[in-house]
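Heads up, the thing below is written out as structure tokens.
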Amino acid sequence: DVTHGRILYLEDVCVSFDGFRAINKLSLDIAPGELRCIIGPNGAGKTTMMDIVTGKTRPDSGQVFFGSTIDLLRHNEAEIAAMGLGRKFQKPTVFEPLTVFENLELALSGPRGVAAALWHRLSGEQHDRLAEVLTLIQLSEERQRPAGLLSHGQKQWLEIGMLLIQDPKLLLLDEPVAGMTDQETERTAELFLTLKGKHTLIVVEHDMGFVGRIAEKVTVLCEGSVLAEGSLAQVQADERVIEVYLGR
Ligand code: ADP
């Protein structure tokens with residue numbers, strides 16, 4: 001099995017929008033349990049890359065595999081989400097009038113189980129899982145608070161908790177610490193380091209302090225393909241990366 005040890009594999013992926021190559025021969029290899037950070041200047045193709053993986057955008061050419069056998073290009077967005085690919089967009093999208101606990105209940109039971117959640121008819125096992133996630137995202141004491149009253153950072157953690165409760169195999173997170181205080185950013189780093197190993201995370205982030213804190217391996221995207229890959233120190237010392245970030 002040549003793809004053993006891979007959870008996500010992209011090869012030579014290309015996407016054009018009105019003749020403009022947003023993704024240009026992009027290849028990416030992510031191992032299970034890895035915490036990969038993706039960085040790169042605006043317009044590098046980071047969002048488009050996530051859109052491709054989650055099935056929102058179809059590439060013009062190339063391969064996208066989930067695990068060693070699942071060809072993601074044969075599946076639509078809903079099917080891909082159901083396979084255990086969770087995505088978090090930059091802005092938190094929690095249900096503000098509902099409590100923290102109710103938000104997690106809804107995420108746990110999915111659209112079909114909404115009624116069960118609303119009537120609090122969850123199994124003991126599901127309750128244990130909710131408590132576990134509440135502890136992980138450090139919101140146990142806020143469980144009865146309406147989500148709308150949480151701080152920005154807490155809303156972000158709640159949304160991450162709503163993904164975690166579905167036990168995703170791969171999590172894609174877009175700028176998770178944007179707008180967070182230093183303390184919230186540090187707590188998020190601790191959370192991600194706890195998740196690493198059990199889950200696979202791909203994190204797009206501009207905050208280099210945060211990237212250095214969490215990532216073993218960083219991928220630098222530029223003009224739709226991989227410019228450099230390695231530790232943060234390695235890529236930051238790369239002449240091409242410096243050029244791209246400092247302007248030509
Ligand atoms: P990043 O997330 O790294 O800032 P994006 O993936 O958002 O980069 O964008 C990559 C390039 O593709 C940009 O030049 C952007 O303007 C272009 N682009 C992205 N989506 C579309 C679209 N739907 N239509 C046209 N151009 C797009």
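Throughout, read-outs are computed from the coordinates displayed, never taken from laboratory work. Please read these numbers as outputs of a predicted model, since none were measured by experiment. Note: ideal-geometry Cβ built from the backbone for every residue, glycine included; neighbour counts use all protein chains shown.
The residues neighbouring Met180, those whose beta-carbon lies less than 14 Å from its own, together hold a net charge of -4 under the Lys/Arg +1, Asp/Glu -1 convention. Ordered by the number of other Cβ atoms lying within 10 Å of each residue's own Cβ, fewest first, Leu246, Leu163, Leu221 fall into the sequence Leu246, Leu163, Leu221. When the chain is treated as a GNM with alpha-carbon contacts under 10 Å, the residue of Ile160, Ile39, Ile70 showing the greatest mean-square fluctuation is Ile70.
Under 20 Å from a label point 7 Å along Cα→Cβ of Gln138: give me every residue in segment 166-186 with its amide N that close. Hits in segment 166-186 for Gln138 at 20 Å: 173-186. On a per residue basis, the convex hull of the C-alpha atoms belonging to segment 123-197 measures out at 100 Å³.
Compute the helix-to-body angle for 152-164: its Cα long axis versus the longest principal axis of the chain, expressed 0 to 90° and rounded to tens. Orientation of helix 152-164: about 90 degrees from the principal axis. Suppose the Debye formula is applied to equal point scatterers at every Cα of the chain; what is log10 I(q)/I(0) at q = 0.14, 0.16 Å⁻¹? Normalising to I(0) and taking log10 leaves -0.96, -1.20.
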